[in-house]
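**Q** I have a structure I would like to understand better, so I am pasting it below and will then ask my questions one at a time.
Read the figures in this text as sums done on the coordinates, not as results from a lab. What you see is a predicted model; the values in this text were computed from it and never measured. As a convention, Cβ positions derive from the backbone with ideal geometry for all residues, glycine included, and neighbour counts pool all protein chains shown.
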Amino acid sequence: MNTPTAPTLSLPAGIREVEAHGSLPAIAVSLPSATALIYLHGAHVAEWRPTDQLPVLWMSTLSEYSTTAALRGGIPLCFPWFGHNAADSTLPNHGWARLAEWTLLSATSDADTAELTFELTERSGGVPAGTAPMRLLYVVTVGAQLSIELEVVNTGDTTLSFEEAFHTYFAVADITATSIHGFQNLTFIDRAVSPEATAVSAGSITFNGDQVDRIYPMPTAVEVDDTGDSRVITVAAGASAQSIVWNPGTLKAAAIADMPNDEWTSMVCVEAANIRDHTITLAPGASHRMHVTITAAQR
Ligand code: TA6
């Protein structure tokens with residue numbers, strides 16, 4: 001990774017601006033407690049690794065690294081819609097925030113944590129013309145835990161509505177030996193069937209190669225129990241009404257160009273979201289914050 005010619009912000013110890021894959025600008029964090037890499041393209045957290053641990057986030061070995069595509073893996077930010085755009089199916093899946101060029105507004109660090117604030121407005125690169133006035137602030141706190149918070153401020157004079165999700169890809173040794181705890185007895189929307197159907201989770205979620213694509217109410221905390229790596233990853237969310245659990249399985253993985261056919265076995269998405277009947281609506285001047293804290297513990 002190269003250091004760009006003119007870093008735009010004086011950065012504290014442990015934080016550097018770099019040219020990462022595809023020569024895309026990124027922020028590299030290296031602390032005694034953890035390392036991380038965040039691309040300005042999409043404010044995309046691509047890597048987080050607590051010291052003495054395996055990487056916690058999964059990145060596809062076929063991910064594109066260009067300003068015209070979303071990175072496959074890490075933490076894509078889905079905004080201002082989730083999935084297909086209901087009004088115009090030609091618009092990008094999961095919205096434009098993960099395709100836009102964010103700005104690093106501030107960076108602070110101490111021995112254990114680094115806090116990075118990224119900004120996006122309706123005038124930023126990659127944001128469609130005619131987008132309503134808004135300001136997005138994305139705070140990424142790197143350390144033994146990883147915390148992310150998205151604040152959306154309605155800077156216009158009309159009501160602003162949006163969906164949002166942290167579409168986090170976790171790395172696991174073997175998905176067929178991984179189970180997800182926290183959704184027991186909850187009713188979910190099964191998006192892997194057509195038409196969608198509702199069902200109730202009997203026990204923990206397990207995986208066998210069929211696609212899993214479910215929208216749940218967000219529980220207090222979710223555990224990804226990765227027996228292969230003897231590790232438990234915990235996701236605790238705030239101001240997030242729903243959680244999406246996704247693994248493409250064999251068939252869907254084979255249909256995704258930027259994902260090798262067999263890599264469905266080494267990842268699972270556990271997402272925090274406000275979508276569908278939990279779409280956020282803000283009056284002029286109002287704001288909303290959604291946040292998640294991720295912890296990884298070796299057994
Ligand atoms: O969150 C799950 C999901 O909506 C799946 O339906 C699948 O499409 C996945 O997101 C990936 O979407 P992407 O646009 O990144 O290919």
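**Q** Let me see the pair-distance distribution of region 18-78: every alpha carbon pair, 5 Å bin width, integer percents in order.
**A** 4, 19, 30, 26, 14, 6, 1
**Q** For a test of the definition: using alpha carbon positions, the gyration tensor, and the 1.5 limit on a/c, classify region 169-214 as rounded, prolate or oblate.
**A** Numbers: a/c = 2.34, a/b = 1.41, b/c = 1.66.
Oblate, because a/c is 1.5 or more while a/b does not exceed b/c.
**Q** Using unit Cβ charges (K, R positive; D, E negative) and no other charged atoms, how large, in debye to the nearest 20, is the dipole of the chain about its Cα centre?
**A** Details: 13 positive and 31 negative charges, 27 e Å.
The dipole magnitude comes to about 140 debye.
**Q** Here is a further query. Which three extents, in whole angstrom, do the alpha-carbon atoms of the chain cover along their principal axes, largest first?
**A** 52, 47, 34
**Q** With charges only on Cβ, +1 for K and R and -1 for D and E, what is the dipole size of region 44-180 about its Cα centre, in debye, rounded to 20? Intermediate results must be reported in sequence, preceding the final value.
**A** Details: 5 positive and 16 negative charges, 63 e Å.
Charge dipole, region 44-180, about its Cα centre: 300 debye, nearest 20.
**Q** Let me ask another. How far, in nm, would the chain grow between Ser204 and Glu19 when pulled straight, counting 0.36 nm per residue and subtracting the alpha carbon separation? Mind showing how you got there, number by number?
**A** Numbers: separation 185, 0.36 × 185 = 66.60 nm, distance 4.09 nm.
Between Ser204 and Glu19, full extension yields 62.5 nm more.
**Q** Next question. For a quick check of your reading of the filter: which trypsin sites (Lys or Arg not before Pro) in region 52-149 sit in a DSSP loop and have no more than 11 other Cβ atoms within 10 Å? Show your work: numbers first, answer last.
**A** Values: sites: Arg72, Arg98, Arg123, Arg135; in loops: Arg72, Arg123.
Sparse-neighbourhood loop trypsin sites (Lys or Arg not before Pro): Arg123.
**Q** Which number do you get for Rg(Cα) / (2.2 N^0.38 Å) in region 1-113? Please list the in-between numbers first.
**A** Numbers: Rg = 15.1 Å, N = 113, 2.2 N^0.38 = 13.3 Å.
Cα-based Rg divided by the globular estimate yields 1.14.
**Q** Additional query: Taking region 90-209, how much of its Cα-Cα pair set, in percent, is spaced more than 26 angstrom apart?
**A** Values: 3228 of 7140 pairs.
Result: 45 percent of Cα pairs exceed 26 Å.
**Q** Oh, and also: Give a quick list of GluC sites (Glu not before Pro) in region 138-241 that DSSP marks as loop, anything other than H, G, I, E or B, with at most 15 other Cβ atoms within 10 Å.
**A** Details: sites: Glu149, Glu151, Glu163, Glu164, Glu196, Glu223; in loops: Glu163, Glu196.
Passing sites in region 138-241 are Glu196.
**Q** A further question follows. Where in region 231-268 is the amide nitrogen less than 15 Å from a point lying 7 Å along the Cα-to-Cβ axis of His278?
**A** Of the residues in region 231-268, 235-246 have backbone N under 15 Å from the label point off His278.
**Q** Can you find, among Ile275, Gly83, Thr176, the residue sitting farthest towards the positive end of the charge dipole of the chain, where Lys and Arg contribute +1 and Asp and Glu -1 at Cβ?
**A** Ile275
**Q** Putting +1 on Lys and Arg Cβ atoms and -1 on Asp and Glu Cβ atoms, find which of Asn185, Asn261, Val29 reaches farthest to the positive end of the dipole of the chain.
**A** Positive-most Cα among the choices belongs to Asn185.
**Q** Under unit Cβ charges (Lys, Arg +1; Asp, Glu -1), what dipole magnitude, rounded to 20 debye, does region 155-274 have relative to its Cα centre? Mind dumping the intermediate values first?
**A** Numbers: 4 positive and 16 negative charges, 46 e Å.
Using Cβ point charges on Lys, Arg, Asp and Glu, region 155-274 gives about 220 debye.
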